[in-house]
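Here is the structure we will look at.
The values are calculated or read from the model by the stated rules, or taken from the named source; none is laboratory data. A quick note: this is a predicted structure, and the numbers were derived from the prediction, not measured. When we count neighbours, we look across all protein chains shown, and the Cβ atoms used for this are built from the backbone with ideal geometry, even at glycine.
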Amino acid sequence: MIGGGVIGVMTAWHLVQKGLSVVLCEKGRIAGEQSSRNWGWVRQQGRDPSELPIMTESLAIWKRLAAEMGEGLGFRQTGVMYLAKTQREIDGFEAWTEHSRAHQLDTRLLTATEAAAMLKGAAGGWKGALWTASDARAEPWVAVPMLAAAAEERGVLIREACAVRGLDIAGGKVAGVVTEAGRVACDHVVVAAGAWSRLFLGRHGVKLPQLSVLASVAATEPMPEIFSGAAADDDFAFRRRADGGYSLAPPVAARMISSSAGCLCVLHLLPADPAQRLARRHLPPCRPQGLSRRLGHAAPLGRMTPRARSSASAS
Ligand SMILES: Cc1cc2nc3c(=O)[nH]c(=O)nc-3n(C[C@H](O)[C@H](O)[C@H](O)COP(=O)(O)OP(=O)(O)OC[C@H]3O[C@@H](n4cnc5c(N)ncnc54)[C@H](O)[C@@H]3O)c2cc1C
């Protein structure tokens, strides 16, 4: 398993339960990247209908984990609320309830008065809201290390501060991985390297269209409760944390980290009509620049590891 974010940790957890022998290598520390910095919402509301079955399953898994591991995960079904400033937004919410009904969710539309009654002292002047009481929140920077510790107890071997530099391929098949601490023999590899996955796979000629974006989240000190769940309108989003503070963020604003390879990936994501296929033929492969192909050499992400480690130990 390459990567110790929530995806790597939980995939390792499930694989070891199936009787496989699993080694997880993490270049920094468990949940040192996205998986500890996200908003911590476990949300069905507002999803694309095709995502709803997997979100319902995800919520069921969180409930099972919370029942098994207790309060520490910070899992609470305190609901998700989308707030509308315009009738157009309310119409959009209403249209989405068709999907919630089809999937037997407890979503409902709230009037302005009902929404205001749930948000103590709010002065947003919203016209109404979409509300799913069964949606939940958890504490990312606590939950993922806890889950990793439990995965270790079940037999997953976890190595932090151990970047995987590349795959060892023999006869067209994976025979192992080359890490900064040496080679690990294996016959299957799961790349759960988050924002680094495209860079990692590019070295082996695998094209993964992926954009890196930068988004900011602020965390307040503990403060009186105005709402126990998570809420968003088109200006900001927030959720109550278990420590009594709030995490606050602009709901959709994310800045693309510009790189030539990233820009080219946008083109690879375009629909495949004939004109674009033609244009694509003239594009260079979606491969990061300047990446060493010799596995004995640290790749750019490996070279970043000391800085990632020092910032991790500083935080
Ligand atoms: C601002 C923000 C808010 C979000 N809010 C939510 C939310 O409310 N709810 C929700 O469900 N999702 C949310 N997400 C999305 C969620 O955080 C991600 O989908 C999830 O954390 C991805 O997990 P991951 O394990 O794939 O990646 P990561 O957490 O990024 O983990 C990848 C790991 O791989 C390691 N790695 C990379 N390359 C190597 C290598 N070569 N060798 C060894 N290790 C390597 C990295 O160090 C990293 O620790 C949010 C994301 C952001 C950015």
**Q.** For THR11: the one exception among (1) in a helix (DSSP H, G or I); (2) without any contact (Cβ under 8 Å) to a residue 60 or more places away in the chain
**A.** (2)
**Q.** Residue list for region 130-175, restricted to those being on the phi > 0 side of the Ramachandran plot and touching an Asp or Glu at 6+ places or on another chain (Cβ under 8 Å)
**A.** ALA161
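Among the helices (runs of 4 or more DSSP H) lying completely within region 30-103, list those that include at least 1 residues that are within 23 Å of GLU152 (Cβ to Cβ).
Details: elements: 34-37, 52-69, 87-102.
Where helices (runs of 4 or more DSSP H) fall fully within region 30-103 and carry at least 1 residues being within 23 Å of GLU152 (Cβ to Cβ), they are 34-37, 52-69.
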(Q) So for region 180-191 (the condition being within 12 Å of the ligand (Cβ to nearest atom), surrounded by fewer than 13 Cβ atoms within 10 Å (Cβ to Cβ) and within 30 Å of ASP243 (Cβ to Cβ)), does at least one residue qualify? (A) no
Q.
Return the pair list, or none, for Cβ contacts closer than 8 Å from residues in region 156-172 that are without any contact (Cβ under 8 Å) to a residue 40 or more places away in the chain and within 17 Å of ARG183 (Cβ to Cβ) to residues that are buried (at least 20 other Cβ atoms within 10 Å of the Cβ) and of a type in the set (Asp, Glu), at least 6 apart or on different chains.
A. none
Q: Inspect region 42-50 for any residue being more than 6 Å from the ligand (Cβ to nearest atom), within 23 Å of ALA195 (Cβ to Cβ) and touching a residue at least 60 places away in the same chain (Cβ under 8 Å) and give the result as yes or no.
A: yes
(Q) Take the conditions within 27 Å of LEU65 (Cβ to Cβ), at pLDDT 95 or above and under 17 Å from the mean Cα position of the chain (by Cα) and apply them to VAL190. Does it pass? (A) yes
Q. Inside region 49-96, can you point out the residues that are surrounded by fewer than 15 Cβ atoms within 10 Å (Cβ to Cβ) and farther than 19 Å from ALA143 by Cα?
A. PRO49, SER50, GLU51, PRO53, ILE54, THR86, GLN87, ARG88, ASP91, GLY92, GLU94, ALA95
